[in-house]
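Okay, so here's the structure we're looking at.
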Amino acid sequence: MGRKAGIAEAQLHDLTRFEESQAFSHAEKLVLRLAVAMTRTPASVDDELFAALRGEFSEPQLVELATAIAWENYRARFNRAFGVLAEGFSEGAFCPLPDSQIGSPK
């Protein structure tokens, strides 16, 4: 799905270390920072990040980005709460797992 949407192989490979990656633009890194901030528990998006985002995106664009992030986070948490397991739709797909954060407050 990502490849069909134009996501480069390097971006897929570097997703879990996007901050150091040269594969992402400044705007893409801001969006990924927003996703990380919105999906941690508790969610916390600081003023500095919002100011940077407002420098790159319009208010309607930010609303759309935040809505998409919140929706995917909702789906992930809902599925986990109800034990919904993967059904193999992405078998063989490239999706690196993030480093383990077990016991981490982040």
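Points worth noting:
- Members of the stretch 31-70 found to be in a helix (DSSP H, G or I) and of a type in the set (Gly, Ala, Ser), listed by number: Ala35, Ala37, Ala51, Ala52, Gly55, Ala66, Ala68, Ala70
- Filter result for Leu49 (surrounded by 15 or more Cβ atoms within 10 Å (Cβ to Cβ), under 16 Å from the mean Cα position of the chain (by Cα) and touching a residue at least 24 places away in the same chain (Cβ under 8 Å)): no
- Any hit, the stretch 13-32, residues being over 25 Å from Arg3 (Cβ atoms) and modelled with pLDDT of 95 or more: no
- Looking at Arg54, Arg40, Arg17, Arg33, just one residue is out of contact with any Cys (no Cβ under 8 Å at 6 or more places or on another chain), surrounded by fewer than 16 Cβ atoms within 10 Å (Cβ to Cβ) and under 22 Å from Tyr74 (Cα atoms), and that residue is Arg40.
- Here Ala37 fits the description: touching a helix residue (DSSP H, G or I) at 6+ places or on another chain (Cβ under 8 Å) and either modelled with pLDDT under 95 or within 22 Å of Arg17 (Cα to Cα) (or both).
- Within the stretch 58-75, restricting attention to residues that are over 13 Å from Ala35 (Cα atoms) and surrounded by 10 or more Cβ atoms within 10 Å (Cβ to Cβ), the residue that is farthest from the chain's Cα centre (by Cα) is Gln61.
The values are calculated or read from the model by the stated rules, or taken from the named source; none is laboratory data. Predicted model only: the values in this text are computed from it and were never measured. Positions of Cβ are backbone-derived with ideal geometry, glycine not excepted, and every protein chain shown enters the neighbour counts.
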